Structure formats: structure tokens, C-alpha cells
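Worksheet: the structure to be examined is printed underneath.
What follows is calculated from the coordinates using simple rules that are stated; it is not laboratory data. Note that the coordinates shown come from a computational prediction; the quantities given were computed from them, not determined experimentally. No Cβ is skipped: glycine too gets one built from the backbone with ideal geometry, and neighbour counts run over all protein chains shown.
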Amino acid sequence: MELVEHVDEQDQVVGQVSRRDAVQGRLLYRMAMVLVRDKQGRILVHRRPESSPRFPGQYSWLVAGAVAVGESYEAAASRELAEELGLRGTVRPLFKFLCEGEMSPYWFSVFESVVDGEHIVAEPAEVAWHGWLTDDELEKATQEWPFVSDSRDAYARYRDLGTSASQPRAT
């Protein structure tokens, strides 16, 4: 059973619950997401497997996962990068917001990591396909491909904040 911290509207811990109970009860909890760029500045996009219980066959531009009890957002982002893509790398915070979420509300913290794209070992239970897109290609894809709704929401915020850049940032 995956335990998460139940948090309030100010992102303060109020208890512990299973992620399942958090989703079913629409209780706030924490999620960490990673925008993965290669050294050329392209963004990794992936499609979830058709067999996935959450958002089957949909695309995302973020590697994501729930923040475990006692874990920081940053540690969770690093863990997800390793678990889903087999990568180790520095994660840099970009922004955080309270996401209504299609399945449940949660605090959504987005990080960025610049990686060597040659060494990705995608976890098949999480990633059915992955590829690299430029900022312009990602903009077009978010309008044409079936993206996870929460990922689409985060992309709109990312774009509106002006944090998108065609050059990778130093990590």
C-alpha cells in the first residue's frame, strides 16, 4: 500500500493516508513531476501503456509520481526519474501549484532535469513509447495528441510563466 501525506490548502501535513484513499476521498496530497530535457534542449514526451490503470494510452511531457510519507518533493522527483527512466540526475525546481486533478486534487511540484538521452531505460509499466520534441513541437503535440489532462494543465502554466527555453539549463 502506497502511503502519502494528506496536506491542506497551504501544503501543510495533516495526516497520512493511502494514495487510494486520498484519491477516492479527494483528499489533498503531493505529486512530484520532472520535465526531462536532453542536452540539445528537447523535451522528453512519453505515452502511457494501454494497460495502465491511470490515463491509459495518453501522452505526458512529465515523469510523475506521488510524494511518499516523509519524502521531499525533490527526493520524489529524483526517485521518479530513476524508477521510470532509469536515470540519475539533478532536479531543479520550476514551479508548484494546487492542481484540481482529474482523479483527485493534489499539490503539483514541477522540476527540470537535463539528462544524457542516450541512457534512458524506460520502465514498461509506465512508459510505452518515448521521444524528444522541441518546444515548438511540444506546443503542437499538446493541441493534437491525447495528453493526460493534469499534464496539459501543467503545460499551460509552464508556458504562461515563460519558463520554456530552447536551450537546456545548467544542472
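Taking a ≥ b ≥ c as the square roots of the eigenvalues of the Cα gyration tensor of the stretch 79-171, is the shape rounded (a/c under 1.5), prolate (a/b larger than b/c) or oblate? Verdict is rounded for the stretch 79-171. The alpha-carbon atoms of the chain, seen along their principal axes, cover 42, 33, 29 angstrom, with the largest extent given first. I'd like to know which of Tyr29, Val67, Gly41 lies farthest towards the positive end of the charge dipole of the stretch 1-74, counting +1 on Cβ of Lys and Arg and -1 on Cβ of Asp and Glu. Highest projection toward the positive end goes to Gly41. For Asp136 and Glu102, the difference between the fully extended length at 0.36 nm per residue and the C-alpha to C-alpha distance is 9.6 nm. Seen against the Cα atoms of the chain and their longest principal axis, helix 73-85 is set at about 60 degrees.
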